[in-house]
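Engineer: Pasting a structure here, questions to come.
Read-outs throughout are calculated quantities, based only on the coordinates presented, and are distinct from any laboratory measurement. The structure presented is a predicted model; accordingly, all values stated were derived computationally and were not measured.
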Amino acid sequence: MWRSPNIQASWNYERQMNMGFLYGIAPTLDELYPDENDPRAAGAQKKEAYEREMAFYNCTPQTSAFTLGLAASMEEQYAADRENFNPETINAVKTSLMGPLSGVGDSFFQGTGPPDRFWSGHLSGTAGQRSGPHSGYDHLHRPLCAGHMVCR
């Protein structure tokens, strides 16, 4: 949970938020593929998992925790049963969730929330409250930060 807010900490134009996604799922991969018994076999499996999670990823940050948790669960299933689980489905599910979750997340967190919050700040200011303009800004950022933590 505490790693998911950093999903936008590293951006690139080729694969967008993939490094932030890998940062969020890395503890799960490290737990699934320890280097204790056979360093070569476990290291190769961990490297394969890291490369798999470095695929293109771009989604609304507030809704990315769902995809992150689902990918971690699928990685656990693949680590437990490598013969009967196709690892390509992990990226297929991530890719199929990017659009719908971005549509919901963008319309709520960036489309609906900010105008409503600034409007309430404007109304406060016109009603004679000196903190009106500042409250619009505060009403915008506090719920977004809280939304990050709740959704993740």
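Engineer: How much length is gained on full extension from Leu70 to Val104, taking 0.36 nm per residue of separation minus their Cα-Cα distance?
Structural biologist: Working: separation 34, 0.36 × 34 = 12.24 nm, distance 1.77 nm.
Extra length from Leu70 to Val104 when fully extended: 10.5 nm.
Engineer: Could you give each residue of region 76-91 its phi-based ³J(HN,Hα) in whole Hz, using Karplus coefficients 6.51, -1.76, 1.60 with θ = phi - 60°, and x for Gly or Pro?
Structural biologist: 5, 5, 5, 5, 7, 9, 5, 6, 10, 10, 8, x, 5, 5, 4, 6
Engineer: Quick one: which residues, 5 or more positions from Tyr57 or on another chain, have an amide H under 5 Å from its amide H? H modelled 1.01 Å from N in the peptide plane, none for Pro or chain starts.
Structural biologist: Met17, Asn18
Engineer: What full-extension length gain, to one decimal in nm, is calculated for Glu14 and Glu88 as 0.36 nm per residue of separation minus the Cα-Cα distance? Let's see the in-between values first.
Structural biologist: Numbers: separation 74, 0.36 × 74 = 26.64 nm, distance 1.99 nm.
So the chain would gain 24.6 nm between Glu14 and Glu88.
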